[in-house]
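This report refers to the structure that appears directly beneath it.
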């Protein structure tokens, strides 16, 4: 594909062309990384230096220590982590089996289910997130783990079932038939034969699902209150209530970025695959 | 219907297994998506305030009051459409440019990919916090830089259009890498022969892009645009964190409008009506986009 671009720089010698290309890339990377770098720099500045981040060279880790002393924030981190992990595990369990059903079965029940999923995938979620508040309240799970967890699982059902169907469609079912003939139960054929071949695709989806839930804001804002703080909501409150303490704000945000960055660095293969689905 | 024709698969063990597989998903869907939609639709016709749900039937009163609200017609709707247009177009163009640039082998490709993935991993709320700090009127780095080169700093978040610009910038920063990644994957799956032929004929880079790359990439672009446009329409978190809809409700988008009415003004009925109006609009926009893009793909 290099052919497409080359004529633009044809007048330049190859080394100059390479240098120019490298510079452009560097500029782009800096531009995209700058807000994050700036946030990290701010989080390392003492309170006295935070308003002049670009001047002075005092650095401290005190902001992080101070944030970690705030019980509400620590609780929010724990809650967010737990909810994201549980939501990922449960929604994958639910959607793997529903996607498997869509892929392997024909007939009225499969086509009805497929139609339902297709229709509800198109409903924009603002029209069900507001009344969810009443649903969770009347079920007595408002502002609790369950009250946030179950809607989060429900959010992903349509889209993920659809993706899972695609994964299973790509796996040859003859192995499962062979297992059935050999006396394996249907559950055995599903769990021990089909599922292992879908693991790479499922891992990609798991990474994305975890990130979605960790980063999610609107559901958490509506479905949680004082008892179950989660990190995105706490930060958004922080920015309006304690808007002047940018060093603490930044330290909190940096800590919230850590899991996401760890995933980018170590799970990049899965992230990229997941995004290309 | 296949079931009836098939002698071995009467409603029995096989069908039970199939139903069992979807039961948890179906139950969750029913309880947390279907039921809320029904409650919301019901509430939109009633006098249903959050602290005093009288639930008297009002008919289309809420719909009328939203559709005649000058705030909704003159601020919220234009904002939402402008936001959708600029943020999708901006991210698409920058993303396409980057994808073309990255579509070659060079050292450090992995590193560039990692950096470009960063914004995708950042929670919108955090992105909004970062940009809000950078554009802080007194201490933000943007004003500091402007003042060193002799331009007067702006109270960015206190003026309608500059605040709106910061919102757009945040969204474009967040979503450009997504376009880059998908378009790059698209570019890499294109056949090589036409490009080689063009190179032999000495075709200019622009003509290659215009008459080869772009037409072949159209389907990918179309899909990206539809998905992103529908998402952009319901953007909530970055606006909420950056401006809260201010100054003076001038940067409110449609999701924010529905939320403000339901949970801050405590008028759940009107909020639901606004949400349903928005849902209908996005459905129409989505269908129209889909039609247009289908034609684009076939052309």
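Condition (residue is within 11 Å of another protein chain (Cβ to nearest Cβ) and over 28 Å from residue B:229 (Cβ atoms)) applied to the stretch A:166-174: is it met by at least one residue? No, that holds for no residue. Condition check for residue B:255 on (1) in contact (Cβ under 8 Å) with a residue 60 or more places away in the chain; (2) surrounded by 17 or more Cβ atoms within 10 Å (Cβ to Cβ); (3) outside any loop (DSSP other than H, G, I, E, B): one failure, at (1).
Residue count for the stretch A:220-235 under the criterion of being crowded, with 22+ Cβ neighbours inside 10 Å and within 12 Å of another protein chain (Cβ to nearest Cβ): the result is 8. Of the residues making up the stretch B:12-62, those that are touching a residue at least 60 places away in the same chain (Cβ under 8 Å) and outside any helix (DSSP H, G or I) number 10. Scanning the stretch A:91-111 for residues that are at positive phi and touching a helix residue (DSSP H, G or I) at 6+ places or on another chain (Cβ under 8 Å) turns up at least one hit. Which residue is nearest to residue A:249 (Cα to Cα), if the candidates are limited to the stretch A:45-65 and must be within 14 Å of another protein chain (Cβ to nearest Cβ) and not in a helix (DSSP H, G or I)? Top of the filtered list is A:45. Scanning the stretch B:90-121 for residues that are at the interface with chain A (Cβ under 8 Å from one of its Cβ atoms) and assigned to a loop (DSSP other than H, G, I, E, B) yields B:103, B:104, B:105, B:106, B:108. Across the stretch B:44-53, a minimum of one residue is classified as under 30 Å from residue A:115 (Cβ atoms), within 11 Å of another protein chain (Cβ to nearest Cβ) and at pLDDT 85 or above.
Note on the stretch A:144-166: residues that are buried (at least 22 other Cβ atoms within 10 Å of the Cβ) and over 18 Å from the mean Cα position of the chain (by Cα) amount to 1.
Rundown of residues vs (1) free of Cβ contacts under 8 Å to residues at least 60 places away in the same chain; (2) outside the structural domain of residue A:156 (by TED's automatic domain parsing), yes/no style:
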| position | (1), (2) |
| --- | --- |
| A:43 | no, yes |
| A:48 | yes, yes |
| A:75 | no, no |
| A:79 | no, no |
| A:98 | no, no |
| A:103 | no, no |
| A:113 | yes, no |
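Of the residues examined, residue B:139 is one that is within 7 Å of another protein chain (Cβ to nearest Cβ), over 30 Å from residue A:267 (Cβ atoms), surrounded by fewer than 19 Cβ atoms within 10 Å (Cβ to Cβ) and in contact with a helix residue (DSSP H, G or I) (Cβ under 9 Å, 6 or more places away or on another chain). In the stretch B:228-237, which residue that is assigned to a helix (DSSP H, G or I) and within 11 Å of another protein chain (Cβ to nearest Cβ) is farthest from residue B:169 (Cα to Cα)? Applying the filter and picking the extreme gives B:230.
The values are calculated or read from the model by the stated rules, or taken from the named source; none is laboratory data. Keep in mind the model is a prediction, meaning the values are calculated, not measured. Every residue, glycine as well, gets a Cβ built from its backbone with ideal geometry; the counts of neighbours run over all protein chains shown.
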